[in-house]
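To keep things clear, I will list the structure first and then write my remarks on it.
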Amino acid sequence: MKITLLGTGTSQGVPVIGCSCDVCKSLDFRDKRFRSSIHIEVNGMSLVIDTGPDFRMQMLRADIQKLDAVLLTHEHKDHTAGLDDIRPFNFKQKKDMPVFGRHQVLEQIKREFAYIFSGNRYPGVPQVEAVEIDTNPFVVSKIPIIPIPVMHYKLPVLGFRIKDFTYITDANFIPDESLKLIEGTDVLVLNALQKESHISHFTLDEAISMAQKIGARQTYFTHISHRMGLHAEVDQDLPSGISLGYDGLEISLP
């Protein structure tokens, strides 16, 4: 299994428009962050978790030639706004794109991308197969996937576990029942927004505490704000087995 972090930034991305802080002006490629998304290749199956506003550039940068499915963690625009750009995969693969999400997530994208789901669709619009999921395990191309329910303040969000890899973004609370589903994870990707308190995201200290509680061999943080600080400075102070993620990071698992 190969995991590629396509984007590790927060909703505004990094650099932020109009900002001249040290992070936004940094020349370190690790401080340039697209909106959060990952690509997973396992047993010949290719899937993406979340299609944010940077989806097109993420696909081009990672040279992704095939995509079998899209999983959506929740309905916020920084995780769904790039859905239209699945069209080249429709054209190339000559089939609809399965998009997996909870009922409220699919209803939201049906409103925001009404032209995709119209009964009288314009030629060339994205071809989507909306697949409703809940908190029960499901299968994509023979690969079992376990949803991990978490809370993003008052909004339910799904993380996902595939084999010994778990991905959780946009969370500030993980219930005990979900922690049990994560047990034994080898590699964890977890959101850590910034050092200061936030209403709906783990802070850096909260994410470190949660990562240590989960106990994965290696944890990478994602959904990182420019307020976190420079990658090089923050990363060197993290505990063993915990690192800041960055766009383009590739992780290999058996």
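The values are calculated or read from the model by the stated rules, or taken from the named source; none is laboratory data. Source: prediction; values computed, not measured. Cβ: placed from backbone, ideal geometry, glycine included. Neighbour counts: every protein chain shown. Each accessible area value is taken on the protein alone, full model and side chains, heavy atoms only, with ligands, DNA and RNA left out. Shrake-Rupley method; radii C 1.70, N 1.55, O 1.52, S 1.80 Å.
Observations, loosely collected:
- Restricting attention to segment 1-23 and to residues that are outside any loop (DSSP other than H, G, I, E, B) and of a type outside the set (A, V, I, L, M), the residue that is nearest to Pro254 (Cα to Cα) turns out to be Lys2.
- Residue within segment 122-130 that is part of a loop (DSSP other than H, G, I, E, B) and β-branched (Val, Ile, Thr) present: yes
- Residue list for segment 24-39, restricted to those being outside any loop (DSSP other than H, G, I, E, B) and more than 19 Å from the chain's Cα centre (by Cα): Phe29
- Matching residues, segment 169-196, being touching a residue at least 40 places away in the same chain (Cβ under 8 Å), of a type in the set (D, E, K, R) and within 21 Å of Lys154 (Cα to Cα): Asp170
- Annotation note: of Ile251, Ile199, Ile208, the sole residue that is in contact (Cβ under 8 Å) with a residue 40 or more places away in the chain and not in a strand (DSSP E or B) is Ile199.
- Test: residue in segment 71-83 that is open to solvent by 70 Å² or more (accessible area, probe 1.4 Å) and either assigned to a helix (DSSP H, G or I) or modelled with pLDDT of 95 or more (or both): yes
- From the list Lys195, Lys163, the one residue that fits, being open to solvent by 50 Å² or more (accessible area, probe 1.4 Å) and on the phi > 0 side of the Ramachandran plot, is Lys163.
- Considering residues of segment 91-127 that are open to solvent by less than 60 Å² (accessible area, probe 1.4 Å) and without any contact (Cβ under 8 Å) to a residue 12 or more places away in the chain only, the residue farthest from Leu47 (Cα to Cα): Ser118
- Residue within segment 53-67 that is more than 29 Å from Asp235 (Cβ to Cβ) and surrounded by 19 or more Cβ atoms within 10 Å (Cβ to Cβ) present: yes
Rundown of residues vs (1) at pLDDT 95 or above; (2) of a type outside the set (D, E, K, R); (3) touching a Leu at 6+ places or on another chain (Cβ under 8 Å); (4) at positive phi, yes/no style:
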{"residue": "Phe138", "(1), (2), (3), (4)": "yes, yes, no, no"}
{"residue": "Met151", "(1), (2), (3), (4)": "yes, yes, no, no"}
{"residue": "Asn172", "(1), (2), (3), (4)": "yes, yes, no, no"}
{"residue": "Glu183", "(1), (2), (3), (4)": "yes, no, no, no"}
{"residue": "Ala207", "(1), (2), (3), (4)": "yes, yes, yes, no"}
{"residue": "Gly215", "(1), (2), (3), (4)": "yes, yes, no, yes"}
{"residue": "Tyr220", "(1), (2), (3), (4)": "yes, yes, yes, no"}
{"residue": "Ser225", "(1), (2), (3), (4)": "yes, yes, yes, no"}
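- Condition met for Asp50 (open to solvent by less than 20 Å² (accessible area, probe 1.4 Å) and at positive phi): yes
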